[in-house]
Amino acid sequence: MAENDAGGLIQSHGGYRRLKSFQVAQLAYDVTVRFCDRYIGKKSRTHDQMVQAARSGVQNIAEGSQASGTSKKTELKLTNVARAAPGLPGLSTSARAANVGPV
């Protein structure tokens with residue numbers, strides 16, 4: 001009874017690569033990796049933490065998009081986790097706390 005077509009009960013999911021939030025998170029990840037590789041020792045714990053934090057933002061958006069096919073609650077939760085990730089460009093602390101876009 002649960003179909004993935006336009007008329008089904010469960011909406012289709014995916015397509016996250018077209019989302020502006022995914023594109024910005026991917027850019028932030030790429031810049032973070034380049035910065036860390038250039039200015040922070042590769043064996044440093046700080047290097048690992050920064051790269052992992054940037055990777056988590058990208059992964060949360062992708063997982064949230066794929067989860068949207070069955071659970072809007074999970075999609076919103078993962079999207080908000082990604083949105084609240086520290087260090088995303090263009091978001092002030094107050095904007096992240098208020099869950100709104102760039103300030």
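Of note:
- Among the residues examined, residue 96 does not qualify as more than 22 Å from residue 15 (Cα to Cα), part of a helix (DSSP H, G or I) and either of a type in the set (Gly, Ala, Ser) or modelled with pLDDT of 95 or more (or both).
- Restricting the stretch 41-64 to residues that are at pLDDT 95 or above and among the β-branched types (Val, Ile, Thr), the residue that is farthest from residue 83 (Cα to Cα): 46
- Residues in the stretch 39-53 that are in contact with a helix residue (DSSP H, G or I) (Cβ under 9 Å, 6 or more places away or on another chain) and outside any helix (DSSP H, G or I) were compared, and the one that is surrounded by the most Cβ atoms within 10 Å (Cβ to Cβ) is 40.
The values are calculated or read from the model by the stated rules, or taken from the named source; none is laboratory data. Since we're looking at a predicted model, the values are computed, not measured. Neighbour counts run over all protein chains shown; Cβ positions are idealised from the backbone, glycine included.
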